[in-house]
Amino acid sequence: MAAPPYDHFKKLLVLGDSGVGKTSLLLRFSDIPIGTDLSVKTIEMDNEWVKLQICDTNSQERLFKKITRACYEAADGILLVYDVTNESSFLHVRDWIRKNIHSSSNNVKKVLVGNKADMDDESKRAVSRARGQTLADVCDIMFLETSAKTNKNVEDVFFALASCT
C-alpha cells in the first residue's frame with residue numbers, strides 16, 4: 001500500500017453565524033471543494049506536507065449553538081468566526097466560547113477570527129479589534145482579523161491551525 005501524499009492530516013471546523021464569511025474564507029483558502037460543507041487543501045509547513053480537511057458549518061447554522069462535544073472534539077482545530085460589522089455575531093461566538101472552551105480537548109487549537117476587517121470606514125465597525133483581542137486573551141486563544149475580500153490574514157489563520165500538534 002502506497003504512503004499518503006502527506007505527512008500529517010488535520011481536521012478543522014469553521015463555526016460562526018450565517019453571513020459572517022465562513023464560506024468566503026474557505027473558498028479564498030481552499031482549492032478543492034468536496035461539496036457544500038467540506039474542503040481539502042494540502043499545504044507545506046516546515047518541509048512537511050499537511051493535508052487539511054475543513055468542515056464549513058454553513059448548512060448547519062441552526063445547530064451552531066448545539067454543536068455536540070463529540071463534533072468539536074473530533075477536530076484538530078476550530079475557527080470561531082464573527083463579522084466585525086455585526087455585534088450579534090460577536091456575542092454568539094463569545095457565548096459559544098464561554099460555554100464550550102473548557103469542555104473541549106486541550107489539544108484542540110482555537111482561533112478567534114474577526115472577518116470583514118477590510119472596512120475602511122471605522123463607523124461601520126460594530127466590534128473593535130481591541131474587543132476581539134480581549135476576548136481571545138481571556139480565553140487564551142489566538143486572535144486574527146481577516147478579510148476574505150482582500151485575502152488579509154486568510155492563509156495565516158489556516159496555517160496557525162495546521163501547526164497544532
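Coordinate-derived values only; no laboratory data. Here the structure is a predicted model, which is why all the values come from computation and not from measurement. With ideal geometry, Cβ positions are generated from the backbone for all residues, glycine too; neighbour counts draw on all protein chains shown.
Cβ under 10 Å from Asn115's Cβ, Asn115 left aside: what net charge do those residues give with Lys, Arg +1 and Asp, Glu -1?
On the way: positive: Lys22, Lys116, Lys149, Lys152; negative: Asp83, Asp118, Glu145.
In short, +1.
Past 30 Å, Cα to Cα, is the threshold; run Lys41/Lys124; Lys41/Lys109; Lys124/Lys152; Lys110/Lys149 against it and keep the listed order. Could the numbers behind the result be given before it?
Working: Lys41/Lys124 33 Å; Lys41/Lys109 18 Å; Lys124/Lys152 18 Å; Lys110/Lys149 23 Å.
From Lys41/Lys124; Lys41/Lys109; Lys124/Lys152; Lys110/Lys149, over 30 Å: Lys41/Lys124.
Classify the stretch 121-165 as rounded, prolate or oblate from the Cα gyration tensor: take a ≥ b ≥ c as the square roots of its eigenvalues, call it rounded if a/c is under 1.5, otherwise prolate when a/b beats b/c and oblate if not. Walk me through the numbers on the way to the answer.
On the way: a/c = 4.79, a/b = 1.25, b/c = 3.84.
Oblate is the answer for the stretch 121-165, as a/c is 1.5 or above yet b/c matches or exceeds a/b.
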